[in-house]
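Quick notes on the structure that follows.
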Amino acid sequence: MLNRTQDQKSGLFWFVAGAVIVYFSMEYDLGDRHAPGPGYIPLITGLCMMLLACVLVFRDIRRERESISSLFRSTNWLRVTITIFALLAYAVLLPYTGFLIISILLMYYLIRAAGSYGRGVSAGAAILFSACSYYVFATLLEVPLPAGLLYEWMQGRFGQ
């Protein structure tokens, strides 16, 4: 179980991650309430992440009566920085690589970085999560997800 300082650190991280998601979701069409666009789900997801992170941090600060500066003590800034760059790379590469490929790579990294899981478990979980996400959004919700250049190449449309 995480101690309170870890809750505050993770809350701060997820707030920043949610803000990055909200920022990059604005590049996509949000649509309207009757026909949501591809940026709608990331926007709502990022806002929810930010809200839940605030709840986690402020609940813990109120309980502990610590200052905000305690959030930054003994933080592994290298891991935080690499994770932020991985999320930025995901947002930038998504239209080029397609949803499935880049999502599998991102999830694999996040699972490996977050815990002590082996390569096989991490790869399996990343593939399962990405495939389920694709099924829910592309098939059930009919959200147009980026197919990427690999899909176009496989369909014979690359370079035309």
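The values are calculated or read from the model by the stated rules, or taken from the named source; none is laboratory data. Nothing here was measured: the structure is a model prediction, and the numbers come from that model. Note: ideal-geometry Cβ built from the backbone for every residue, glycine included; neighbour counts use all protein chains shown.
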key: Matching residues in the range 75-125 - criterion: being surrounded by 13 or more Cβ atoms within 10 Å (Cβ to Cβ), touching a Leu at 6+ places or on another chain (Cβ under 8 Å) and either hydroxyl-bearing (Ser, Thr, Tyr) or not assigned by TED's automatic domain parsing to the domain that holds residue 146 (or both)   = 83, 90, 97
key: Matching entry among 84, 102 (being farther than 20 Å from residue 131 by Cβ and of a type outside the set (Gly, Ala, Ser))   = 84
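Residue-wise test of (1) of a type in the set (Asp, Glu); (2) within 12 Å of the chain's Cα centre (by Cα); (3) at pLDDT 85 or above.
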{"position": "35", "(1), (2), (3)": "no, no, no"}
{"position": "57", "(1), (2), (3)": "no, no, no"}
{"position": "60", "(1), (2), (3)": "yes, no, no"}
{"position": "67", "(1), (2), (3)": "no, no, no"}
{"position": "74", "(1), (2), (3)": "no, no, no"}
{"position": "78", "(1), (2), (3)": "no, no, no"}
{"position": "89", "(1), (2), (3)": "no, yes, yes"}
{"position": "96", "(1), (2), (3)": "no, no, no"}
{"position": "101", "(1), (2), (3)": "no, no, yes"}
task = Keeping to the range 14-36, report how many residues are outside any helix (DSSP H, G or I) and in contact (Cβ under 8 Å) with a residue 12 or more places away in the chain.
result = 5
query = Taking residue 129 and the conditions (1) more than 17 Å from residue 45 (Cα to Cα); (2) of a type in the set (A, V, I, L, M, F, W, C); (3) modelled with pLDDT of 85 or more, which numbered condition does it fall short on, given that it satisfies the others?
reply = (1)
ask   = What about residue 156, is it at positive phi, outside the structural domain of residue 31 (by TED's automatic domain parsing) and modelled with pLDDT under 85?
value = yes
request  = Out of the residues in the range 41-51 that are touching a residue at least 24 places away in the same chain (Cβ under 8 Å) and surrounded by 17 or more Cβ atoms within 10 Å (Cβ to Cβ), state the one that is nearest to residue 138 (Cα to Cα).
outcome  = 41
